[in-house]
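**Student:** Structure below; questions to follow.
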Amino acid sequence: MTDRHDYHVNGPLPETPDNDATAGAWPKTTVIGSRRSRVDAYERVSGTAVYPHDVSLPGMLHGAILRCPHAHAKVLSIDTTAAEKMAGVHAVITRATPGTDIPWYERGGTFSSTLFDATCRYAGEEVAAVAAETPLQAADAVRAIEVTYEVLPFVIDDAEALAPGAPAVHDGGNMVGEPRLRERGDLAAGFGEADAVVERTYRTECQIHAPMEPHGSVARWDGNRLTVWDSTQGVFPVQETLARVFALPMSNIRVIGHYMGGGFGAKLETGKYTVMAAIMARMTARPVKIFLPREDCFTATGNRPANTMTIKIGARSDGTLTAIDYHSLGAAGAYAYGADTSSLAVYLYRCPNLRAEDVTVYTNAGKARPMRAPGFPQGAWALEQAMNELAAKVGIDPIAFRLQNLATELQSDPPMPYTSYQLAACLENGAAAFGWQEAAERRVTEGDIRRGVGAAACFWGYAGGPPSTVVVKLFADGSANLNLGASDIGTGTKTWAAMIVAEELGVPVDRIQVENADTATGQYATPSGGSKTVPSDSPAVLAAAAAVKRQLLGFAAEQLEVEPGDLEIRDGEVVSRSDGEKHLAVTAVEMLGRRGLIMGTGYRDPNPEGSVTFPCAAQFCEVEVDTRTGEIRILRFLGAHDSGRVLNRLTFDNQVFGGMAMGIGLGVTEERVLDRRTGRMVNANFHDYKVPTILDVADSHACLAIDVPDEAFNSTGTKGLGEPATIPTAAAIANAVADALGIRVTAAPLTPRAILEAVGSQGKEA
Ligand code: MOS
């Protein structure tokens, strides 16, 4: 099967209860598919929205964390005497503090570290924490802690980590588990049939999530009950972790995440800072707030691993792929993570003979975490560049070459059908909307300013599923309350959820109150990530609204003396389809008034069996390359996306443009730089680490939504979008730059220096 992205962190998924009302797909829609500003737009823009970073409680202390300055070191002793005596300091905790021996970094049921470990395996690892009256007092006290380290040899480079005699990040060597190997057919025979073969090694650098809101929490105890405001993608896993760590019932732990300022995968895991804040809050009987300084967000909250990918790919002269040999090496950093990139190579194109191997190694660097389509943008960087080079070799247009070789079912044994897969439409309609042919004819390959076009395709290997529970309440005045568990990680979750209720019940969106992401008062959802929030939670929202509707129409049918099946809701009225005389305002349904409200519960139904669901996309861009400065100017970008039904066209476009911006970062501007002498990150700030700005994104960008509901997958016909939006972007840019320059720069990011070096070497060859 394909990659497993388990967003429910602790064990198997719960059973899915049956829904008491079946919700079918809408025959036509009035609200769904329209462009809607966010339901909380005013709060977000005006600043009245309370993010965890904004939370300030009476008597609250501020925490700070001491981090190891060495890439690899043993902690021999810690002297906190001076720090404890400093003004305003209320708590100092280290590995010597009772209650801090908490297992951390779990993988496959094994923990490889503790909250404050005796061995620090990267520069930035946690050594101690302080709580004080003010943030500055806490920071001062952290500096007054004296630590004696035994400095150990370290390795930060992925290839060097595998070399004999390399420093061991963990006992037992630097391999993270066994390499993942996927094979089919006969590779040698496949290459034997090939008339054209290309082979090249590609490299992507380590990218940082860099969300706007730093990582952090506020923890408050009331007796034995803990409340945590956390900047997280999922409140329920944080609740589970805290219940385990403090050996308390889940009911004693409340985690609130109403707003959060971005995560991109870095906020799927519970942070050590959350536990440290809670420990010090209990010690001091004061609320404690820990938000990480920006520098720590760069060094210690995860990253997209760097990858080195070698691909050999062959085709017959008619353009049919015959063999793919793919190898990927990635760095997990200091704690286990699978830095696999091969899935696109394995499944995107039909190819009977394949070998794909993913190797992951430990390095003495910040740990990798899932980051917006883990592994896929890197894999696209390699595969989609190789596809272009091969297309040129066999003399076929790169779009036509992709269309000719698209896999239309999952190449598993036995093959499995896709529930829906509009990748051909993404490529064809996208190329037409972009003006691919015209743009290709504008190509400039000589002079100072070159111009070229590039495209890349992808799928995303995850689509979500149960569990998800939603409750909708219709009040007697016709307004509604919607309660779901999912976090809105900036994508507009609350807005499409309200739009579904509006569509189903005819309640205007602005009369729907939305509650979410609170373990005490909210329904259950798995974390928002994996592009799975819409396809996992929207069917539960629809089922809850449908459950309300079924009851409402039942009561109205008695009142109007018709069959419930004859009734529908139209503009705030319950109307008989067969007899136009029979109608009733929703608020005039007597039983609704007598009860005060009608409540409906909805569950996410199971996914269909025997099929696979992937969202997919193709992106196109046109670039100018200045061969004097090495600068790339992105003139136009178009994303053509099949994510099933579009719920909110405005936030759909927003996701695509945001994903492109992040892909531009991977391909052109962003790179974590570690100092080879110290192992420390030297560009851990927004000045030296180049997240794309408004000047770096395309001069104009467009989104083409294929918008074909995936009726076979779930009741709303939806698939995910957030991750496919960033998968092909960097590869499309690389292809456009190669088109303009006539040479291929295989290592990301395509900085001015990299471009100038390539152009310079091209001059020498000529
Ligand atoms: Mo995403 S990497 O699942 O937030």
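**Student:** Can you list the residues, at least 5 places off or on another chain, whose amide H is less than 5 Å from the amide H of H215, using H built in the peptide plane?
**Tutor:** L292
**Student:** Quick check: pseudo-label points 7 Å beyond the Cα along Cα→Cβ at F686 and R511, how many nm apart are they?
**Tutor:** Inter-label distance under the simple model: 4.1 nm.
**Student:** Given the DSSP H assignment, sum -39500 (n - 2.57) over each helix run of at least 4 residues in the chain and divide by its residue total; what's the result at 222 nm in deg cm²/dmol, nearest 500?
**Tutor:** -8000 deg cm²/dmol
**Student:** Every cysteine in the chain with no other Cys Cβ under 4.7 Å from its Cβ, please list them in numeric order.
**Tutor:** So, C206, C297, C351, C426, C458, C616, C621, C703.
**Student:** For Cα pairs less than 8 Å apart in space and 6+ apart in sequence, what is the mean separation divided by the residue count of the chain, i.e. the relative contact order in percent?
**Tutor:** 17 percent.
**Student:** Now a separate question. Can you tell me the length gained on complete extension of the stretch T408 to D626, counting 0.36 nm per residue apart and subtracting the Cα distance?
**Tutor:** Gain on stretching T408 to D626: 74.5 nm.
**Student:** Let me ask something else. Cα centroids of region 112-148 and region 615-694: how far apart, whole angstrom?
**Tutor:** Taking the Cα centre of each part, region 112-148 and region 615-694 sit 34 Å apart.
**Student:** Now for a separate question. For the chain, what does the accessible surface come to per residue with a 1.4 Å probe? Please give it in Å².
**Tutor:** Spelled out: the 1.4 Å probe surface of the chain, per residue, equals 38 Å².
**Student:** For K74, list the lysines whose Cα falls under 19 Å from its own Cα; do not include residues on the same chain fewer than 8 positions away.
**Tutor:** K367
**Student:** Along the positive direction of the dipole of region 172-321 (beta-carbon charges: Lys, Arg +1; Asp, Glu -1; about the Cα centre), which of N224, Y273, A300 reaches farthest?
**Tutor:** Of the candidates, N224 comes out farthest on the positive side.
**Student:** Given a 1.4 Å probe and every protein chain left where it sits, what share in percent of the accessible area of the chain is carbon and sulfur?
**Tutor:** Carbon plus sulfur share of accessible area: 50 percent.
**Student:** D448 to K393: FRET efficiency via 1/(1 + (r/R0)^6), r the Cβ-Cβ distance, R0 30 Å, to the nearest 0.05?
**Tutor:** E(calc), rounded to 0.05, equals 0.55.
**Student:** In the structure shown, do any of K85/K690; K267/K719; K473/K582 have a Cα-Cα gap over 31 Å, and if so which?
**Tutor:** K85/K690
**Student:** Give me the aspartates and glutamates in straight-line cross-link reach of K549: C-alpha distance below 16 Å, same-chain residues under 8 apart excluded.
**Tutor:** D20, D477, E503, E504, E558, E563, D566, E568, D571, E573, E590
**Student:** When the chain is fully extended, how far beyond the present Cα-Cα distance does D579 get from Q437, taking 0.36 nm per residue of separation?
**Tutor:** Length difference between fully extended and current span is 45.6 nm.
**Student:** Taking a label point 7 Å from the Cα of F657 along the Cα→Cβ vector, which residues of region 622-639 have an amide N closer than 20 Å to it?
**Tutor:** Backbone N within reach: 622-623, 633-639.
**Student:** Separate question: Multiply the residue separation of R143 and A400 by 0.36 nm, subtract the distance between their alpha-carbon atoms, and state the gained length in nm to one decimal.
**Tutor:** 86.4 nm
**Student:** GluC sites (Glu not before Pro) within region 597-663: which are DSSP loop residues with at most 10 other Cβ atoms inside 10 Å?
**Tutor:** Those satisfying the criteria are E609.
**Student:** What's the FRET efficiency of M86 with L57 using the Cβ-Cβ distance as r and R₀ = 22 Å, to the nearest 0.05?
**Tutor:** 0.45
**Student:** Give the long-range amide H neighbours of N683: residues separated by 5 or more places, or on another chain, with amide H under 5 Å away, using H modelled in the peptide plane at 1.01 Å from N.
**Tutor:** Answer set, sorted by chain and number: V673.
**Student:** If R0 is 51 Å, what FRET efficiency do you get for E150 and V50 from their C-beta distance, rounded to 0.05?
**Tutor:** Calculated value: 0.70.
**Student:** Assign unit charges at the C-beta atoms only (+1 for Lys and Arg, -1 for Asp and Glu), then state the dipole size of the chain relative to its Cα centre in Debye, rounded to the nearest 20.
**Tutor:** 1300 debye
**Student:** Taking 7 Å along the Cα-to-C-beta vector as the label spot, tell me the D696-T29 distance in nanometres, rounded to one decimal.
**Tutor:** Once both label points are built, they end up 3.3 nm from each other.
**Student:** Pop a pseudo-label 7 angstrom from the Cα along the beta-carbon direction at both E133 and E757 and give the gap in nm to one decimal.
**Tutor:** The modelled label-to-label distance comes out at 5.4 nm.
**Student:** Pairs of Cα atoms under 8 Å, at least six residues apart: use those to get the relative contact order of region 470-526, whole percent.
**Tutor:** 43 percent
**Student:** Over the alpha-carbon set of region 379-452, work out the extent along each principal axis and list the three values in angstrom, largest first.
**Tutor:** Extents along the principal axes: 52, 25, 21 Å.
**Student:** If amide hydrogens are placed 1.01 Å from N in the peptide plane, which non-local residues have theirs closer than 5 Å to the one on A323?
**Tutor:** Hits under the 5 Å cutoff: G314.
**Student:** Step through the residues of region 462-470 one at a time and calculate ³J(HN,Hα) from phi using the Karplus curve (6.51 cos²θ - 1.76 cosθ + 1.60, θ = phi - 60°), rounding each to whole Hz and writing x for Gly and Pro.
**Tutor:** Whole-Hz 3J(HN,Hα) from phi for region 462-470: 7, 9, x, x, x, x, 7, 10, 9.
The values are calculated or read from the model by the stated rules, or taken from the named source; none is laboratory data. As the structure is a prediction and not an experimental result, all values here were calculated from the model. Methodologically, a virtual Cβ is constructed for each residue, glycine included, from the backbone with ideal geometry; neighbour enumeration extends over all protein chains shown. Ligands, DNA and RNA are stripped out before the accessible areas are found, and what is left, the full protein with its side chains, is counted by its heavy atoms. Shrake-Rupley method; radii C 1.70, N 1.55, O 1.52, S 1.80 Å.
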